[in-house]
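The values are calculated or read from the model by the stated rules, or taken from the named source; none is laboratory data. Predicted model only: the values in this text are computed from it and were never measured. So basically every Cβ, Gly included, is an ideal-geometry build from the backbone, and we count neighbours across all protein chains shown.
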Amino acid sequence: MLRNAYGALALAACVAFSGCASKSYVVLVESPDGSTGAIIVDNGRGGQLVNRKNQGVAMDGRDASPFDIEAARLQADFAAAQAAQPALPARYQFYFNMGDTSLTTESASFIPAVLEDVRQRGAAAVSIIGHTDTTGDDAYNEKLGLMRAQSIAALLQQTGLQALELSVVSHGKRNLLVPTADNVAEPRNRRVEVNIR
């Protein structure tokens with residue numbers, strides 16, 4: 001039994017490996033964000049905390065002591081499993097000039113990165129969410145957020161976006177990136193989020 005103690009990523013293998021008589025083991029590996037977390041492995045002789053990168057525990061009940069696993073052994077045992085994992089979701093933020101649908105110069109340069117990300121995934125679902133700052137009334141901001149999202153969708157499609165699913169919505173001045181009072185012109189809230197999964 002595996003229990004996720006701290007948002008850890010663990011892999012299990014049923015293979016022979018040197019230095020241990022067990023053929024089945026669980027190993028804690030680094031998450032994509034660089035964190036490791038911890039797991040508790042119960043192999044029938046009680047729970048064993050595993051909290052170091054590349055630390056494993058045998059699953060056959062012979063020995064519950066954690067042991068370190070070399071990178072070459074991890075590659076040999078888990079290459080197929082790791083290659084089969086889907087790409088993690090990605091998010092891109094595009095920022096806009098005040099009151100319109102024109103991108104900031106820096107944000108316009110992110111278009112190729114989004115297209116390449118979608119291309120590498122093959123079949124991807126893309127959601128595009130328009131946001132505004134809190135200047136203006138709700139109806140105006142809802143419309144402006146949608147216009148911004150639609151402008152990014154059109155730009156991506158014109159430059160070759162091939163998505164399995166594409167959704168375009170507006171959150172207007174809801175879901176602020178930077179919480180502000182009403183009628184505050186905060187540039188980081190004038191954005192479109194492109195989520196790829």
Against the definition (outside any helix (DSSP H, G or I), not assigned by TED's automatic domain parsing to the domain that holds residue 25 and not small (Gly, Ala, Ser)), how does residue 100 come out, yes or no?
yes
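Per-residue answers, yes or no, for (1) surrounded by 14 or more Cβ atoms within 10 Å (Cβ to Cβ); (2) assigned to a helix (DSSP H, G or I); (3) touching a residue at least 12 places away in the same chain (Cβ under 8 Å); (4) in contact with a Pro (Cβ under 6 Å, 6 or more places away or on another chain):
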{"residue": "114", "(1), (2), (3), (4)": "yes, yes, yes, no"}
{"residue": "117", "(1), (2), (3), (4)": "yes, yes, yes, no"}
{"residue": "120", "(1), (2), (3), (4)": "no, yes, yes, no"}
{"residue": "126", "(1), (2), (3), (4)": "yes, no, yes, no"}
{"residue": "133", "(1), (2), (3), (4)": "yes, no, yes, no"}
{"residue": "139", "(1), (2), (3), (4)": "no, yes, no, no"}
{"residue": "143", "(1), (2), (3), (4)": "yes, yes, yes, no"}
{"residue": "150", "(1), (2), (3), (4)": "yes, yes, yes, no"}
{"residue": "153", "(1), (2), (3), (4)": "yes, yes, yes, no"}
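Has region 161-172 got any residue that is hydroxyl-bearing (Ser, Thr, Tyr), modelled with pLDDT of 95 or more and farther than 14 Å from residue 92 by Cβ? Write out each step before concluding.
As a first pass, look at region 161-172 and keep what is hydroxyl-bearing (Ser, Thr, Tyr): 167, 170.
Within this subset, residues satisfying the condition of being modelled with pLDDT of 95 or more are 167, 170.
Now narrow it down to the ones that are farther than 14 Å from residue 92 by Cβ: 167, 170.
Within region 161-172, one or more residues are hydroxyl-bearing (Ser, Thr, Tyr), modelled with pLDDT of 95 or more and farther than 14 Å from residue 92 by Cβ.
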First in region 16-37 and aliphatic (A, V, I, L, M), second anywhere and at pLDDT below 50, Cβ under 9 Å, 6 or more apart:
26/2
For residue 88, state whether it is surrounded by fewer than 17 Cβ atoms within 10 Å (Cβ to Cβ), in a strand (DSSP E or B) and in contact (Cβ under 8 Å) with a residue 40 or more places away in the chain.
no
